[in-house]
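The values are calculated or read from the model by the stated rules, or taken from the named source; none is laboratory data. Quick caveat: nothing in here was measured; it's all calculated off a predicted structure. Methodologically, a virtual Cβ is constructed for each residue, glycine included, from the backbone with ideal geometry; neighbour enumeration extends over all protein chains shown.
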Amino acid sequence: MLANYKNVPQNLISAIVQSNDTRKDFIASEVLKRKPSTVGIYRLTMKSGSDNFRSSSIQCVMQRIKEQGVEVIVYEPEYSGQEFLDCKVIGDLNHFKQQSDVILANRLTTDIEDVLGKVYTRDLKGNDL
């Protein structure tokens, strides 16, 4: 990110990058406090209606969780592969919900309202995480 903003004061961009890293650490830590065996990632996209998840911030959170020895699985209907970043992709939503001890979601949707007790999200009012 720093290279993209060469005309902006470097300490400002560094602070933004550090803040983003702190937020990812915090989210991973909050999920891990629940002591899950398996964490489900509900959707890889950052914004509703998007199909771009190749550089989403959830990838960093996934890595932090995996580094603690917790299995991570993914539900992403827009992705056709069987694995994403060495995490198993589950194509069936009900199976995904059953397999997951905690579900990390960028946004709340009606698809996961029935397992709200498992869901970790910062989306309290229908806003993105």
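Points worth noting:
- Candidate set: the range 68-84, residues that are in contact with a helix residue (DSSP H, G or I) (Cβ under 9 Å, 6 or more places away or on another chain) and assigned to a loop (DSSP other than H, G, I, E, B); chosen: the one surrounded by the fewest Cβ atoms within 10 Å (Cβ to Cβ): 77
- Scanning the range 106-115 for residues that are assigned to a helix (DSSP H, G or I) and within 16 Å of residue 77 (Cα to Cα) gives 110, 111, 112.
- Pair list, Cβ < 8 Å and 6+ apart or interchain, from the range 55-81 residues that are under 12 Å from residue 27 (Cα atoms) to residues that are surrounded by 17 or more Cβ atoms within 10 Å (Cβ to Cβ) and among the small types (Gly, Ala, Ser): 61/28; 64/28; 65/28
- A single entry from 101, 111 fulfils the requirement of being surrounded by 11 or more Cβ atoms within 10 Å (Cβ to Cβ), closer than 16 Å to residue 28 by Cβ and more than 11 Å from the chain's Cα centre (by Cα): 101.
- So residue 121, is it within 16 Å of the chain's Cα centre (by Cα), modelled with pLDDT under 95 and closer than 19 Å to residue 34 by Cα: yes
- Unmet requirement for residue 103, which otherwise passes all of (1) outside any helix (DSSP H, G or I); (2) out of contact with any Lys or Arg (no Cβ under 6 Å at 6 or more places or on another chain): (2)
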